[in-house]
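One structure is given here, and the rest of the page talks about it.
Bear in mind these aren't lab numbers, they're just calculated from the coordinates by the rules spelled out. Bear in mind the structure is a predicted one, so any value in this text is a computation, not a measurement. Every residue, glycine as well, gets a Cβ built from its backbone with ideal geometry; the counts of neighbours run over all protein chains shown.
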Amino acid sequence: MDLENQNRVKTMTEKYGAENIIVLLGAAEAEAAGLAAETVTNGDPTYAGSLAGVQLGLRVYHAVDQEFKEAVDPAVYDEQIGMMEMVLDVDSIIAEMTSIREQFCKF
Amino acid sequence: MSYAVVKGTGYVLVHTPDMIYHNGTTQTTEKLTNPDSEYLKKLPEHIRPYEKTVNYAPNQVYIGNITPENLRQYEMPWYDKDVAEANRFGKYGEIMPQDEFIALLKISDAFDLVKLDKNFTASVKSKISNHPLFKEDAAKLKEGEELEEIEKYVKEQHAEGLYQDGKLIGCVKRAHDIDPNLNAHVLFENLVVKASGLLAFKHLVDKNNIDVAAIDYVIECSEEACGDMNQRGGGNFAKAIAEAAGAVNATGSDTRGFCAAPTHALIQAASLVQAGTYENVVVVAGGATAKLGMNGKDHVKKGMPILEDVLGGFAVLVSKNDGINPILRTDLVGRHTVGTGSSPQAVITSLVTMPLDKGGLKITDIDKYSVEMQNPDITKPAGAGDVPEANYKMIAALGVKRNELERSQLAEFGEKHGMPGWAPTQGHIPSGVPYLGFAKEDLTTGTINRAMIVGKGSLFLGRMTNLFDGVSIVMERNTGKTETAGAGISEEAVKNMIAEAMRDFASHLLKA
């Protein structure tokens, strides 16, 4: 995950509390989504950014995760994400995200 | 008013093995933050020799020796296969070796900032004397300097070293003691843009029988900025390149928009020509040393050669309608506006279907989409996927949403309406424009009738806005009918219309 984004996630979590934060991802590949999700839960696996060794355990979802899809207006979802849902490998992204949440999410 | 046409193109690559290590930001950052890294140690073993770069299929496509369709016949990965009949020169340009390009930096230098070693100068002078486009410029190389002199500039005066085969053979001096915009690093990058842009420009003129004196205006659209501390991006690469290319009757300006700039420039050029402001406008861009070896860490990790070992450049001549070459439909232009939004769906809608709707066209009415034509041999091992393929999937998915395509046709859309990517990951270089050369042929002697050129840019990298950007334009086979400006309505017709309006006005006065 981009170093600046790691800083932003860390600062916001300190300000608002980890229980009040949800991170929403839009990465195009399962591997990239998994890396970002791991960064905001178990810490930066590349040890490059401010979240290296910091286990925030935040709730993290991808835009194609069912939990997120069910939480928003279906018309808006279709307008904003419907096309990408057809393009992305949704199953592998969901599998990756679920696995990260099960291992590291604290909420 | 008659549409402008794409009259000719020039495409060049420059093999820059030493610049990967010395000037690519992935490597220079690593040298600063982790000087003893394994990556830097392994890097030299992963640099391709010049011949391998020439024999590389995507590079042969870039200079026009293989068509994009034929590239599909080469099984991926491409880097471990040589093209049998590869050639340094192609119908659009060439793949220049580094030593000759360093000579070209010297030839492009108007301020005596480039210093080259005597022995190196002697060796490249004979090569430049034999180059079909730079024969007459060999004298500009002069005799060269003593190596000690160059070492002194590098060690004591912050000059940027120029290397060949790992050895210091020259430098670019700083042009000011304290101005950061005139330091040696910035001047080096700017001279690289100028020299590689010049190379593309010269090939454009040479390959298309163009009278260089007939060029009225030049738009440069790379991603560097030239100026001093009082005007960091003052410009003007365009005029500097025009001067170096001998375009004595041209002026010009620089257009910036990250990777989208070439398509912005193409639309501007088409509009300037269509409006009759200028007859011949050249859009040109040079390459970026900063992006050399950008994904090098992944390539080395996977035991591959560093594939980002070339600079890219291109030049396109946009001229008034000749009834032959493909027209640029300035009425079918797509724009990502401030209000568009950033979801991929909103982006593709604004760039692809918005211009189509203006012309009453369907997604399948465009025979070829030229999107970000990044070479997937480079991007896939780096985890960035196949960029053109992803774009084609998005366009097809939008087609499904618009009921213009069946869902079952999603997979085949890219094969029919797309192309495999072949351009180096030089930011603006792969963005829409690499296809213009082939498009000119496909839309004249070829079998297709309509293509769309799409350019996208990541504006947020400059930290002035979070926005993304993009523009697109439809290119179409010429019907052969040309109109002269103003011919749509005669003087007599105008007089009649005015007379009619006055009669109408007078009748209202009478009624009142």
What whole number of Å gives the distance from the Cα centroid of the stretch B:160-208 to the Cα centroid of the stretch A:36-76? 43 Å
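Once the cut-off is 16 Å, how many percent of the Cα-Cα pairs in the stretch B:113-165 end up in the long-distance tail? Walk me through the numbers on the way to the answer.
Working: 612 of 1378 pairs.
Of all Cα-Cα pairs in the stretch B:113-165, 44 percent lie more than 16 Å apart.
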Out of B:114, B:420, B:132, whose Cα points farthest toward the positive end of the dipole of the stretch B:5-476 (charges: +1 Lys, Arg; -1 Asp, Glu; placed on Cβ)? B:420
Under Karplus coefficients 6.51, -1.76 and 1.60, residue-wise ³J(HN,Hα) of the stretch B:108-115 in Hz, glycine/proline x: 7, 7, 8, 10, 6, 9, 8, 10
Could you rank the peptides B:7-13, A:11-17 by their average count of other C-beta atoms within 10 Å per residue, with the highest value first? B:7-13, A:11-17
Measuring from centroid to centroid over Cα atoms, what is the spacing of the stretch B:57-118 and the stretch B:354-430 in Å? 26 Å
What are the residues whose amide H is under 5 Å from the amide H of residue A:62, where those residues sit 5 or more places off or on another chain and H is modelled from the backbone? A:25
Give me a comma-separated list of calculated 3J(HN,Hα) values for the stretch B:94-105, in order, Karplus coefficients 6.51, -1.76, 1.60 applied at θ = phi - 60°, integers in Hz, x for any Gly or Pro. 7, 10, 8, x, 4, 4, 5, 5, 4, 4, 5, 4
In the neighbourhood of residue B:53 defined by beta carbon distances under 13 Å, the net charge of the other residues (Lys, Arg +1; Asp, Glu -1) is -3
In whole percent, what relative contact order does the stretch B:322-423 give with Cα contacts below 8 Å and a gap of six or more residues? 27 percent
If you look at just the Cα atoms of the stretch B:1-137, how large are its Rg and its Dmax in Å? 18.4, 63
Shielding of A:82-91 by partner chains, average beta-carbon count, 10 Å: 6
Can you tell me, using C-alpha contacts under 8 Å and at least 6 residues apart, the relative contact order of chain B as a whole percent? 19 percent
Show me the three semi-axes of the equivalent ellipsoid for the stretch A:3-104, from the C-alpha gyration tensor (sqrt of 5 times each eigenvalue), largest first, rounded to whole Å. 24, 15, 12
Per-selection Kirkwood Rh - chain B (Cα, Å, 1 d.p.): 24.0 Å
Any idea what angle helix B:387-401 forms with the longest principal axis of chain B, computed on alpha-carbon atoms, 0 to 90 degrees, nearest 10? 20 degrees
What ranking do B:203-215, B:222-234 get when scored by the average of other Cβ atoms within 10 Å per residue, highest first? B:203-215, B:222-234
How do B:456-462, B:308-314, B:187-193 rank on mean C-beta neighbours within 10 Å, highest first? B:308-314, B:187-193, B:456-462
Partner shielding of B:345-353, taken as the mean number of other chain Cβ atoms within 10 Å, equals 2
Computed label-point distance, nm, for sites residue A:76 and residue B:445 using a 7 Å Cα→Cβ extension: 5.5 nm
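About the Cα centre of the stretch B:5-476, what is the dipole size in debye to 20, counting +1 per Lys and Arg Cβ and -1 per Asp and Glu Cβ, all else neutral? Spell out each step's value before the answer.
On the way: 49 positive and 61 negative charges, 171 e Å.
The calculation lands at about 820 debye.
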3J(HN,Hα) from dihedral phi, the stretch A:67-84, Karplus parametrisation 6.51/-1.76/1.60, rounded to Hz, x for glycine, proline: 4, 6, 4, 6, 7, 10, 4, x, 5, 5, 4, 5, 5, 8, 10, x, 5, 5
Please give the net charge around residue B:96, taking every other residue with its beta carbon less than 12 angstrom from that of residue B:96, where Lys and Arg add +1 and Asp and Glu add -1. 0
Let me check the size of the protein assembly as shown from its C-alpha atoms; what are the radius of gyration and Dmax in Å? 26.5, 95
Using a simple charge model, +1 on the beta-carbon of Lys and Arg, -1 on the beta-carbon of Asp and Glu, nothing else, what dipole does the stretch A:3-104 show about its Cα centre, in debye to the nearest 20? 540 debye
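As a test, work out the antiparallel percent of DSSP beta bridges whose residues both lie in the protein assembly as shown, rounded to the nearest 5.
Bridges in the protein assembly as shown that DSSP calls antiparallel: roughly 65 percent.
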Counting alpha carbon pairs within less than 8 Å and at least 6 residues apart, what relative contact order, in whole percent, applies to the stretch B:181-319? 31 percent
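Pairs of lysine in the stretch B:350-395 with Cα under 22 Å and at least 8 positions apart or on different chains: total?
Lysine pair count for the stretch B:350-395: 4.
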Residues whose built amide H sits under 5 Å from the amide H of residue B:114, excluding neighbours closer than 5 in sequence, are B:173
